[in-house]
Amino acid sequence: MLTVVFTTFNGQSKIRRTLDSLVRQKIESKWELLVVNNNSTDGTVSILEEYLDKLPLKILHESRQGKNIALNSAIPHINGDLVLFTDDDVRGEDNWLANSVLVATEMKEHSIFAGHILPEWEEEPESWIINWAPLGALYALNSQSEKNIACLPGQVWGPNMLIRREVIFDNGLYFDENIGPNGTDFYPMGSETEFTKRAAEYGYSCFISDKFKVYHLISKSSLCKSWILKRGERLGIGVTMANVKKFDITKFLEYYCKSKTYSLLGMFSLIFWNKKVFWVLYKKYYYGGCLKVIKNLYK
């Protein structure tokens, strides 16, 4: 049995495309859908209720804000041998679920699977975003060169992540509730990769496949320079929180020096705008995020 899980917070503008793509699934295996309403104040719940007779859907409610808190609240309700975690802003191909089960059946030596994640742009992005920006870190998009091979835990991302049941239940693994979306515009990134890296420590291996695909909606609000740079800061915060657990003077000095260096170099952005300047600014924000975490650990 397959269990599909996603959370939603005020998702009324996007959730129908996800639910409609699930209605269109061509799958013979038994499956269930768990959707956690994470404190929505819009029409999300009403939309979900429209699909109760169209999908094997169970609506859960979690009032504590945070995607990972909501995901953890769904775990006790999982009945499947396979668990497909996704988001409320994806559109799966019609064979998405069936092929995810097929891949897990064929690749028995692996326990964690990254499905392909392709973009569905709400608005065509400027060329510098496509050519310079780290599309994986920004929008959770896979490289098309990465397919049907063993992969690292850090290459498994939230919009299309398949996990065998035992990974969670045999080891008591839950998502870190201090990482991930929390209902604000500022939060530490990397919740799924933090989870998969911990799972890998138990010996579970990962595999990336292009056989089960989703299209991830990229909103036009996320296609501006300020959003992209702040995303770099959130990534720095998330990576540091996942890997540095106590104050380290060496790390502090490293992040401080890099943050200040890239801040000074970033002044060139007032004159030039090219790939090198973009990466200087991105690293300025990234290491600024790293530094925030280290400073907080000192307190």
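The values are calculated or read from the model by the stated rules, or taken from the named source; none is laboratory data. Computed from a prediction, not measured in an experiment: that's the story for all the values here. Every residue, glycine as well, gets a Cβ built from its backbone with ideal geometry; the counts of neighbours run over all protein chains shown.
Here are the numbers for the structure shown:
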item: Test result for residue 45, at pLDDT 95 or above and either assigned to a helix (DSSP H, G or I) or outside the structural domain of residue 89 (by TED's automatic domain parsing) (or both); result: yes
item: Single residue of the stretch 26-48 satisfying the filter (polar (S, T, N, Q) and within 22 Å of the chain's Cα centre (by Cα)) that is farthest from residue 66 (Cα to Cα); result: 44
item: Cβ-Cβ under 8 Å pairs, at least 6 apart or on other chains, the stretch 171-196 side free of Cβ contacts under 8 Å to residues at least 40 places away in the same chain, far side of a type in the set (Phe, Trp, Tyr) and not in a loop (DSSP other than H, G, I, E, B); result: 173/195
item: Complete set of residues in the stretch 176-207 that are among the small types (Gly, Ala, Ser) and either within 25 Å of residue 219 (Cα to Cα) or part of a helix (DSSP H, G or I) (or both); result: 180, 183, 190, 191, 199, 200
item: From 203, 190, residue being out of contact with any Pro (no Cβ under 9 Å at 6 or more places or on another chain), surrounded by 20 or more Cβ atoms within 10 Å (Cβ to Cβ) and on the phi > 0 side of the Ramachandran plot; result: 190
item: Hits in the stretch 48-98 - residues which are assigned to a helix (DSSP H, G or I) and within 21 Å of residue 175 (Cα to Cα); result: 67, 68, 69, 70, 71, 72, 73, 74, 75, 76, 77
item: Residues being charged (D, E, K, R), over 20 Å from residue 164 (Cβ atoms) and either in contact (Cβ under 8 Å) with a residue 12 or more places away in the chain or surrounded by 15 or more Cβ atoms within 10 Å (Cβ to Cβ) (or both) - total across the stretch 107-131; result: 4
